Amino acid sequence: MEKYVLGVDIGTGSVKGVAVNLAGQSFEVCQQHYGYTAPQPGYYEQDPEQIWVAFISCIKGIIEKTGAQPLAISLSSAMHSLIAVDENCKPLYPMITWADNRSAGVAERLRATAEGLAIYKATGTPLHAMSPLCKIVWMRENNIELFTQTYKFISIKEYIWHKLFDEFVIDHSGASCTGLFDIEKLTWYPDALAMAGITEQKLSRPVPTDYTHKYDPTKCQSLNFFSPDISFVIGASDGTLANLGSMANKPGVAAMTIGTSGAVRVASSKPLPNTEAMTFSYILDKETFICGGPINNGGVALQWWLKNMAGPEPTEQDYDQLFKEIAAIPAGSNGLIFLPYLTGERAPIWDSESCGNFFGIKLQHTKAHFSRAVLEGICYAMKDVLDAVQQNAEPITQINISGGFTRSAVWVQALADITNTNLAILQADDASAVGAGLLALKSMGLIGEYPQTNKTDLKIFKPDPQNAAVYSKSFEIYKQLYADLKETMHKIIF
């Protein structure tokens, strides 16, 4: 029976568990899905208890599939969630997710101040509605009763950890995503706390990402199928662990993920602030920062398009047909360009009021042209972030990619052509969970160093020079479009 550790990724739409053997290879997967509610436009909330149930089911599912208990369990989680809880860790309000936009006005206000920029530089977290800092400020200004009743402001991983071990702790990686944590001193940042109107007693105790705790059945009855000697490693955030799982934890190699949203990330021994593009600098471990930028509109933009073309519930066959039609259209969509800002945008423009736009429409353009333009628009957004990250990082020679989009060769090739860089597929779509597993292997002393994949073993997509030349010209128009339309976008009332 194969020995393994279990990496568990607590994501926005599901919990995914991946069994990782002692060679660092994944071999079994279990996934449990859940939804969200949107009680008002711009609000995105979830039930933490529903996520906890999915977490337990996912672990149990992996144990049933493998027929064995894991040696250790390590946690990855989506960033920027906020749960207001009482002293018993009971939620006083639904969890506010990263996608929630209610604090956009707070973020915009902070970005215009010297104090806000100083907080960004110290904490590494962009000033945006996703930030727990902005969420807490909004709550203090708009729901003072909830704000004053709150015992702790925590994330979804902290909620699950408290369920397991009855303690309020947060890993340095998760803390570095809050806008409240000094990423150099590894303590809560006083100026950010003052901005939020809280003390550090309102937050969990920060611990390193290799912090471990033995399972104690007296603290948690929900895991009665566990043996008591299993260690839990607190782990890190999903973005930083996606770099580790994608073997992009060394300088010169970037990681790109496109799922519902998207991100570009590079490893660095120090933070890489960029006040104009407001790229992030999040902690992976004691030696490594993962720096980059997120986009809102990844697969969700293509899903929006397909839903309008194929119906509200697109099938796998609908996606196959879509990509087949896209492949028949030349690079650049014959001059049709799509700005994919359907849900506003984060990096590098940080504009919650931006919106989508098709530009260059002519009689020659068909539905397939529009489809390809949507796909290319997502890739342009990723290149926009990549260019911002490369301003301060070491030269990037390869991008390791992960996420659901890797299942489409057409999409991957378009991204290679638009970035004009070699793309390597390492993990299809389990990079964060695999990264959590690798962190567990090292934290438990089961490996000395993280594995480095031999490049000859990778599936490489190389840019097509002719397509890259077309895209280079189109990308300049793409960049100019937002600059020209920004003011007009802000006048639209939705």
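The values are calculated or read from the model by the stated rules, or taken from the named source; none is laboratory data. Please read these numbers as outputs of a predicted model, since none were measured by experiment. In this analysis, Cβ positions are derived from the backbone assuming ideal geometry, glycine residues included, and neighbour counts consider all displayed protein chains. Only protein heavy atoms, including side chains, enter the accessible area calculation; ligands, DNA and RNA are left aside. Shrake-Rupley method; radii C 1.70, N 1.55, O 1.52, S 1.80 Å.
Which members of region 251-264 meet the condition of being open to solvent by 10 Å² or more (accessible area, probe 1.4 Å) and either outside any strand (DSSP E or B) or closer than 30 Å to Y36 by Cβ (or both)? Before the answer, list the steps.
Within region 251-264, the first condition is being open to solvent by 10 Å² or more (accessible area, probe 1.4 Å), and the residues that meet it are 251-253, 257, 259-261, 263.
Scanning region 251-264 gives P251, G252, T257, G259, T260, S261, A263.
Restricting attention to region 180-238, which residues are small (G, A, S) and free of Cβ contacts under 8 Å to residues at least 40 places away in the same chain? Step through it out loud before you land on a result.
Going residue by residue through region 180-238, those that are small (G, A, S) are 192, 194, 196-197, 204, 222, 227, 231, 235-237.
A194, the sole residue that qualifies.
Considering L186, L272, which residue is of a type in the set (A, V, I, L, M), surrounded by fewer than 16 Cβ atoms within 10 Å (Cβ to Cβ) and more than 17 Å from the chain's Cα centre (by Cα)? Outline the logic, then answer.
Details: L272 fails: surrounded by fewer than 16 Cβ atoms within 10 Å (Cβ to Cβ).
None of the others qualify; the one that does is L186.
Go through region 468-494 and report how many residues are over 22 Å from R346 (Cβ atoms), open to solvent by 50 Å² or more (accessible area, probe 1.4 Å) and part of a helix (DSSP H, G or I).
Here the count works out to 4.
Scan region 317-341 for residues that are out of contact with any Lys or Arg (no Cβ under 7 Å at 6 or more places or on another chain) and outside any helix (DSSP H, G or I) and jot them down.
Those that are out of contact with any Lys or Arg (no Cβ under 7 Å at 6 or more places or on another chain) and outside any helix (DSSP H, G or I): A328, P330, A331, G332, L336, I337, F338, L339, P340, Y341.
Going by the conditions given, is L133 more than 21 Å from the chain's Cα centre (by Cα) and assigned to a helix (DSSP H, G or I)? Spell out the reasoning first.
Numbers: more than 21 Å from the chain's Cα centre (by Cα): no; assigned to a helix (DSSP H, G or I): yes.
Considered against the rule, which asks whether it is more than 21 Å from the chain's Cα centre (by Cα) and assigned to a helix (DSSP H, G or I), L133 comes out as no.
Just the residues that are open to solvent by 20 Å² or more (accessible area, probe 1.4 Å), touching a residue at least 24 places away in the same chain (Cβ under 8 Å), in contact with a Ser or Thr (Cβ under 9 Å, 6 or more places away or on another chain) and over 20 Å from N296 (Cβ atoms), please, taken from region 39-55.
D47
In region 111-133, which residues are of a type in the set (V, I, T) and open to solvent by 10 Å² or more (accessible area, probe 1.4 Å)? Can you show your working first?
If we filter region 111-133 for residues that are of a type in the set (V, I, T), which is where we start, we get 113, 119, 123, 125.
Result: T113, single match.
Output the residues belonging to region 324-338 that are closer than 9 Å to E376 by Cβ and among the polar types (S, T, N, Q).
Across region 324-338, the qualifying residue is only S333.
Answer yes if at least one residue in region 94-106 is open to solvent by less than 10 Å² (accessible area, probe 1.4 Å) and under 16 Å from M278 (Cβ atoms), and no otherwise.
yes
Among the charged types (D, E, K, R) and either touching a Pro at 6+ places or on another chain (Cβ under 9 Å) or part of a loop (DSSP other than H, G, I, E, B) (or both), is that true of R140? Step through it out loud before you land on a result.
Numbers: among the charged types (D, E, K, R): yes; either touching a Pro at 6+ places or on another chain (Cβ under 9 Å) or part of a loop (DSSP other than H, G, I, E, B) (or both): no.
Taking the combined requirement at face value, the residue does not satisfy it.
Is it the case that P314 is assigned to a loop (DSSP other than H, G, I, E, B), surrounded by 15 or more Cβ atoms within 10 Å (Cβ to Cβ) and without any contact (Cβ under 8 Å) to a residue 60 or more places away in the chain? Outline the logic, then answer.
Values: assigned to a loop (DSSP other than H, G, I, E, B): yes; surrounded by 15 or more Cβ atoms within 10 Å (Cβ to Cβ): yes; without any contact (Cβ under 8 Å) to a residue 60 or more places away in the chain: yes.
Yes; evaluated as a whole, the condition is true for this residue.
Looking for something part of a helix (DSSP H, G or I), within 17 Å of A468 (Cβ to Cβ), touching a strand residue (DSSP E or B) at 6+ places or on another chain (Cβ under 6 Å) and modelled with pLDDT of 95 or more - is there at least one such residue anywhere in region 417-425? It would help to see each step written out before you state the result.
Restricting attention to region 417-425, the residues satisfying the condition of being part of a helix (DSSP H, G or I) are 417-419.
From what's left, within 17 Å of A468 (Cβ to Cβ): 417-419.
Within this subset, residues satisfying the condition of being touching a strand residue (DSSP E or B) at 6+ places or on another chain (Cβ under 6 Å) are none.
Within region 417-425, none of the residues are part of a helix (DSSP H, G or I), within 17 Å of A468 (Cβ to Cβ), touching a strand residue (DSSP E or B) at 6+ places or on another chain (Cβ under 6 Å) and modelled with pLDDT of 95 or more.
Collect the residues in region 317-348 that are β-branched (V, I, T), modelled with pLDDT of 95 or more and open to solvent by 10 Å² or more (accessible area, probe 1.4 Å), keeping them in residue-number order.
Restricting attention to region 317-348, the residues satisfying the condition of being β-branched (V, I, T) are 326, 329, 337, 343.
Now drop any that are not modelled with pLDDT of 95 or more, which leaves 326, 329, 337.
The one that is β-branched (V, I, T), modelled with pLDDT of 95 or more and open to solvent by 10 Å² or more (accessible area, probe 1.4 Å): I329.
Against the definition (at pLDDT below 95 and either more than 26 Å from the chain's Cα centre (by Cα) or among the acidic types (D, E) (or both)), how does D484 come out, yes or no?
Details: at pLDDT below 95: no; either more than 26 Å from the chain's Cα centre (by Cα) or among the acidic types (D, E) (or both): yes.
When the stated conditions are applied, D484 does not pass them.
Whether any residue in region 212-229 is in a loop (DSSP other than H, G, I, E, B), under 24 Å from P294 (Cα atoms) and in contact with a strand residue (DSSP E or B) (Cβ under 9 Å, 6 or more places away or on another chain) is what I want to check.
Let us first name the residues in region 212-229 that are in a loop (DSSP other than H, G, I, E, B), namely 215-220, 224-229.
Next, only the ones that are under 24 Å from P294 (Cα atoms) stay: none.
Taking every residue of region 212-229 in turn, none turns out to be in a loop (DSSP other than H, G, I, E, B), under 24 Å from P294 (Cα atoms) and in contact with a strand residue (DSSP E or B) (Cβ under 9 Å, 6 or more places away or on another chain).
Say we look at region 454-467 and pick out the residues that are charged (D, E, K, R) and modelled with pLDDT of 95 or more; which of these is surrounded by the most Cβ atoms within 10 Å (Cβ to Cβ)?
Of the residues in region 454-467, the ones charged (D, E, K, R) are 455, 457, 459, 462, 464.
Applying the additional criterion that residues be modelled with pLDDT of 95 or more yields 462, 464.
Values: K462: 12, D464: 16.
Applying the filter and picking the extreme gives D464.
Those residues that are among the hydrophobic types (A, V, I, L, M, F, W, C), at pLDDT below 95 and in contact with a helix residue (DSSP H, G or I) (Cβ under 7 Å, 6 or more places away or on another chain), I need them from region 128-155; list them, please. Reasoning before the result, please.
Here is the first cut: in region 128-155, the residues among the hydrophobic types (A, V, I, L, M, F, W, C) are 129-130, 133-134, 136-139, 144, 146-147, 153-154.
Subsequent filtering for residues that are at pLDDT below 95 retains 129-130.
Matches in region 128-155: A129 only.
Hey, does region 15-38 have a residue that's assigned to a helix (DSSP H, G or I), out of contact with any Gly (no Cβ under 7 Å at 6 or more places or on another chain) and either crowded, with 17+ Cβ neighbours inside 10 Å or at pLDDT 95 or above (or both)? Spell out the reasoning first.
Taking region 15-38 and keeping what is assigned to a helix (DSSP H, G or I), we get none.
No, region 15-38 contains no residue that is assigned to a helix (DSSP H, G or I), out of contact with any Gly (no Cβ under 7 Å at 6 or more places or on another chain) and either crowded, with 17+ Cβ neighbours inside 10 Å or at pLDDT 95 or above (or both).
Yes/no matrix, rows are residues, columns are (1) at pLDDT 95 or above; (2) farther than 30 Å from K3 by Cβ; (3) not in a helix (DSSP H, G or I):
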site	(1), (2), (3)
V53	yes, no, no
I62	yes, no, no
H80	yes, yes, yes
E87	yes, yes, yes
D100	no, yes, yes
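Give me a count of the residues in region 351-407 that are closer than 30 Å to S269 by Cβ, surrounded by fewer than 17 Cβ atoms within 10 Å (Cβ to Cβ), charged (D, E, K, R) and in contact with a Gly (Cβ under 9 Å, 6 or more places away or on another chain).
Residues that pass the stated criteria total 1.
Of the residues in region 56-97, how many are touching a residue at least 40 places away in the same chain (Cβ under 8 Å) and charged (D, E, K, R)?
Qualifying residue count for the region: 4.
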